[in-house]
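**Student:** One structure is given below, represented as C-alpha cells, and several questions about it will come after.
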Amino acid sequence: MLRCRLQVLGTLYLIIYNAFCLRLTELRIEEHTLVGNSTRLECKYDLQGEKLYTVKWYKDGNEFYRFLPGESPEVQVFEVTGVHVDEKQSTAESVVLKSLELASSGKYRCEVSAEAPSFQTVTNHSSMLTVAPPDEGPRISGGQDRYKPGDTVNVNCTSGRSKPAVQLAWYINGEQVNSSYLRGPYTEYVGREGLMVTTLGLKFEAGMQHFRSAATGHQQRNRHDRDMKLKCVATLGTVYWKSKEQSALAHRPRVASGAPVSTADGGLNADEQDADSRADPVHASSDSPSIYIAQSIKTNEISVFVSASLFVVLLR
C-alpha cells in the first residue's frame, strides 16, 4: 500500500515539475558549414512562468557569448579561437557567427538559467563542422575513347584540395559500382593549411554488360553502337556536391572485305549481309584460254559446214 502511494506521489511530482519548470524546446545548429560563411545557432526555451536570468553559449567548454536581460550591456562576448560573433544579429534565443574558419568546428552548447529562487538551469549541445570545399571539381584521368569486351578499364578520380577530405564515388551508366572495382581512396596532404587531395581508382574488365545502346531504332541492331559512361561524384557533407563524367564507345573491330558482320543477337546485320552478298559480274578477257578454245571450236564447225556445201554442189 505504501509503495503504491509513493508511486502516485512520484508521478504527481513529475507532472507538477514538468508543468512549472524551465525547459529547452529546440536546439538548432548546422551540422556542416562553409569557410567564410555565416551561421545562426538557435536555442529556444520555455520559461514556464520563471524569469530568465541568463543565456550562455560555449564552444568546446569555453564560454563565448552571454545574454543578461536587464543588464547594460545585455550582450557580452568572450574571445574564443574560431568564433566571431555578430552582436547586432544575436539575441536571447540565437547567436550569429560570421567569417567562419576551419577552427570554428567544434561542440557548441547552450545553457539557459532561471532567476531566483529556483535558479533552474537546462542545457543541450550539438557539433558543427566547418569545411573548406574543394577549389575545383573532380578530375578523371587514364581513360580511353574506346574499349572492347575484355579490355581493362583503369581510371582515377582526383578531387580538388579540401578540408576535411571529400568522399568520392564511381558510377557506371548511372549505377554505383561494385566495391571490388575500387582502388583506394588515397589521401594526400598539401599546403600549410593541411588541405587534402583524395584519389579513388576504378579498375575492371569491360564486358558487354558495361555498354548501353547509344543509338535508337534501326541502328540499335549493331552491337558496336554502344557507349559506357563513367561518372565520379565528389561530396562533402551536405554543403558540397560535384561530378565529372566521361564517355567511351564500344570498339568497332575492323572487318575484312566480304566478311559478314555479326549483330548483338549473333545473326547478320541485314543491310551489311545484303551488301556483302551482291557479287559483281566477272568479265573474262578475250585472251583467256577458255574463250580461245570456244572460239576455235566454233570456227572449225563453220569450215566443215562450208566444205560440205561445196561438195554437194560439185556432185550435182
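**Student:** Conditions first: (1) in contact with a strand residue (DSSP E or B) (Cβ under 8 Å, 6 or more places away or on another chain); (2) open to solvent by less than 20 Å² (accessible area, probe 1.4 Å). Gly207 passes all but one, so which condition is the exception?
**Tutor:** With respect to (1) in contact with a strand residue (DSSP E or B) (Cβ under 8 Å, 6 or more places away or on another chain); (2) open to solvent by less than 20 Å² (accessible area, probe 1.4 Å), Gly207 is out only on (1).
**Student:** Of the numbered conditions (1) closer than 28 Å to Gly82 by Cβ; (2) free of Cβ contacts under 8 Å to residues at least 12 places away in the same chain, Pro164 fails exactly one; give the number of that condition.
**Tutor:** So the condition that Pro164 fails would be (2).
**Student:** In addition: When you scan segment 145-177, how many residues do you find that are part of a loop (DSSP other than H, G, I, E, B) and open to solvent by less than 90 Å² (accessible area, probe 1.4 Å)?
**Tutor:** So the answer is 11.
**Student:** I need the full set of residues from segment 99-115 which are in contact (Cβ under 8 Å) with a residue 60 or more places away in the chain and within 19 Å of Glu74 (Cβ to Cβ), in order please.
**Tutor:** Within segment 99-115, Cys110, Val112, Ser113, Ala114, Glu115 qualify.
**Student:** Yes or no: segment 41-63 includes at least one residue that is farther than 16 Å from His125 by Cα, modelled with pLDDT under 95, in contact with a Pro (Cβ under 6 Å, 6 or more places away or on another chain) and among the aliphatic types (A, V, I, L, M).
**Tutor:** Taking every residue of segment 41-63 in turn, at least one turns out to be farther than 16 Å from His125 by Cα, modelled with pLDDT under 95, in contact with a Pro (Cβ under 6 Å, 6 or more places away or on another chain) and among the aliphatic types (A, V, I, L, M).
**Student:** Which numbered condition in (1) modelled with pLDDT of 95 or more; (2) under 15 Å from Pro133 (Cβ atoms); (3) of a type outside the set (S, T, N, Q) is the only one that Leu195 fails?
**Tutor:** (1)
**Student:** How about segment 59-135: which strands (runs of 3 or more DSSP E) wholly inside it have at least 1 residues that are open to solvent by 30 Å² or more (accessible area, probe 1.4 Å) and under 23 Å from Thr238 (Cβ atoms)?
**Tutor:** 106-114, 121-131
The values are calculated or read from the model by the stated rules, or taken from the named source; none is laboratory data. A quick note: this is a predicted structure, and the numbers were derived from the prediction, not measured. With ideal geometry, Cβ positions are generated from the backbone for all residues, glycine too; neighbour counts draw on all protein chains shown. Surface areas here come from the heavy atoms of the whole protein model, side chains and all, with no ligands, DNA or RNA. Shrake-Rupley method; radii C 1.70, N 1.55, O 1.52, S 1.80 Å.
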